[in-house]
Amino acid sequence: MSNFSEQYGPWALVTGAAEGLGAAFAMHIAQQGVHVVLADVQSDKAQSQATLIADKTGVKTLAVETDLASADFMASLTLQLKDLEIGLLVCCAGIGATGSFVDTPLAIMQKAIQVNCMATISLAHHYTPPMIKRAKGGIIIVASTSAYAGAPYIANYAATKAYDLSLAEALWYELAPSGIDVLGFSPHGTNTPGFRRGMPSVKEGDTPVGVMLPEAAVAVAFKALGRLPSTRPDLPENMSVTRQKIIQAAGDFTRNLATYQE
Ligand SMILES: NC(=O)c1ccc[n+]([C@@H]2O[C@H](COP(=O)([O-])OP(=O)(O)OC[C@H]3O[C@@H](n4cnc5c(N)ncnc54)[C@H](OP(=O)(O)O)[C@@H]3O)[C@@H](O)[C@H]2O)c1
């Protein structure tokens, strides 16, 4: 068994795995010998992707229809997964709208908060305790470069991604003593179906300079997992590392708590 499958096996759960970055995550993980659950709202595409990955890599795959926008998706997901041991959780599915804040319907922004944030904490909160018991595992939360500063015209999307990034970085610190690796991953423009919908001039087989291929983006995430709290492929590693800041924040919090409790 490789170090990867020992730390993150026997099963990984990837959301949004029918296509785009999620599909690339699922393939990369399977190539390391870990079985993969592909959860997606597009069940036919998730099934085709699961078959393709199983044929190519020889690992077991399972496609499950999941709508993270539904408030009770966890009940149906856990029913479908039965007692599969999830050693690696990749929260990849994400949605967002482009346009001015006032012109964007509230329901669309609320749905993005459900998919990008509420579903992410539900999944992380559910799968972390068994990982703690096994003293190993991993969680990757896909954020975005838009997480790093307020981003006009994608204001709500960027705010959900800031939440994802912050959550991941804090969990990196909290869960490290339990042997769990957490990573906040912030891709920039990556040639996926979702990206092409927003940028119709970009074609599937023709990736412009400055735009990544999903496989290359995912490789950056796995290079950082287990070493860094977060990473973004558009910057050199030493510019995106926030390890010291997080350790300092944890220290400040502990000292303040001690002071107020005295
Ligand atoms: N591509 C980029 O340039 C880029 C840059 C920064 C961050 N990201 C982030 O990376 C992640 C993946 O992006 P992507 O470009 O690969 O997206 P994508 O090409 O749109 O693929 C995402 C997959 O997730 C599915 N999905 C959407 N809503 C879902 C829900 N409620 N429940 C379950 N599955 C759902 C999509 O189905 P439908 O197509 O039916 O919605 C699709 O199959 C997202 O979190 C995104 O914010 C992407």
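Structural remarks
- Here segment 15-33 is the region considered, the condition is being more than 10 Å from the ligand (Cβ to nearest atom) and within 17 Å of the chain's Cα centre (by Cα), and the residue that is surrounded by the fewest Cβ atoms within 10 Å (Cβ to Cβ) is M27.
- Among the residues of segment 16-41, those identified as part of a helix (DSSP H, G or I) and closer than 15 Å to V142 by Cβ are G20, L21, G22, A23, A24, F25, A26, H28, I29.
- Here F73 fulfils each of the conditions (1) under 20 Å from G9 (Cβ atoms); (2) crowded, with 16+ Cβ neighbours inside 10 Å apart from (1).
- Some residue of segment 225-236 being modelled with pLDDT under 95 and in a helix (DSSP H, G or I): no
- Selection over segment 78-96 of residues that are within 10 Å of A12 (Cβ to Cβ) and within 13 Å of the ligand (Cβ to nearest atom) gives a count of 1.
- Test: residue in segment 182-191 that is touching a residue at least 60 places away in the same chain (Cβ under 8 Å), within 26 Å of G87 (Cα to Cα) and either not β-branched (V, I, T) or not in a helix (DSSP H, G or I) (or both): yes
- For segment 106-143, the set of residues classified as open to solvent by less than 10 Å² (accessible area, probe 1.4 Å), among the small types (G, A, S) and not in a helix (DSSP H, G or I) consists of G137, G138, A143, listed by residue number.
- Residues that are within 21 Å of A147 (Cα to Cα) and either in contact with a His (Cβ under 8 Å, 6 or more places away or on another chain) or small (G, A, S) (or both), drawn from segment 68-106: A69, A93, G94, G96, A97, G99, S100
- Top-ranked residue of segment 189-210 - restricted to ones that are crowded, with 16+ Cβ neighbours inside 10 Å and out of contact with any Leu (no Cβ under 8 Å at 6 or more places or on another chain), ranked as farthest from A149 (Cα to Cα): V202
The values are calculated or read from the model by the stated rules, or taken from the named source; none is laboratory data. Worth saying up front: this structure is predicted, and the values here are computed from it rather than measured. Heads up, the Cβs are rebuilt from the backbone with ideal geometry, glycines too, and the neighbour counts pull from every protein chain shown. Remember, those area values only see protein heavy atoms, side chains included, never the ligands or the DNA or RNA. Shrake-Rupley method; radii C 1.70, N 1.55, O 1.52, S 1.80 Å.
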